[in-house]
1. Please enumerate the residues belonging to the range 6-33 that are open to solvent by 70 Å² or more (accessible area, probe 1.4 Å) and assigned to a strand (DSSP E or B).
2. From Arg17, Arg26, grab the single residue that is among the charged types (D, E, K, R) and within 10 Å of the chain's Cα centre (by Cα).
3. Collect the residues in the range 1-15 that are modelled with pLDDT under 90 and of a type in the set (A, V, I, L, M), keeping them in residue-number order.
4. Kindly evaluate Lys102 against the criterion of being part of a helix (DSSP H, G or I), modelled with pLDDT of 95 or more and either basic (Lys, Arg) or farther than 20 Å from Ile24 by Cα (or both).
5. Please determine, by comparing only the residues of the range 51-78 that are in contact (Cβ under 8 Å) with a residue 12 or more places away in the chain and in a helix (DSSP H, G or I), which one is surrounded by the most Cβ atoms within 10 Å (Cβ to Cβ).
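The values are calculated or read from the model by the stated rules, or taken from the named source; none is laboratory data. Keep in mind it's a predicted model, so treat the numbers as computed, not measured. Here Cβ is always computed from backbone atoms with ideal geometry, including for glycine, and neighbour counts include all displayed protein chains. SASA here: full protein model, heavy atoms, side chains in, ligands and nucleic acids out. Shrake-Rupley method; radii C 1.70, N 1.55, O 1.52, S 1.80 Å.
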Amino acid sequence: MRCWIDIDGEKFFGPGRAQLLAHIDRQGSISKAAKAMGMSYKKAWSMVDDMNQKGQEPYVILHKGGNKGGGAALTETGKTILTAFNELMENLNEALRDGEEKILRLV
């Protein structure tokens, strides 16, 4: 099952964006997250930019390069939405399993 959160009838947040945020959180980099997902950096950056623009607060912050190199990190808002979305998916999957069990008992 795939679930999307819409804003004004447009898809805003779903499994792909949740996966991207999770990879950014683990790897500290948009480019590494994009590579792990098999997508271009441009697409990953576009997704991050869209989330940052449409959310009440940014979900991802960028760290400028330098001796230690650049990177990216989730903000508290980004971590919160990722957790909330994962909990929503768990609840929906549980409801789906319960409904399926009820139907299968009738078959």
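1. Asp6, Glu10, Lys11
2. Exactly one of Arg17, Arg26 is among the charged types (D, E, K, R) and within 10 Å of the chain's Cα centre (by Cα), namely Arg17.
3. Scanning the range 1-15 gives Met1, Ile7.
4. The answer is no for Lys102.
5. So, considering only residues that are in contact (Cβ under 8 Å) with a residue 12 or more places away in the chain and in a helix (DSSP H, G or I), the one surrounded by the most Cβ atoms within 10 Å (Cβ to Cβ) is Gly78.
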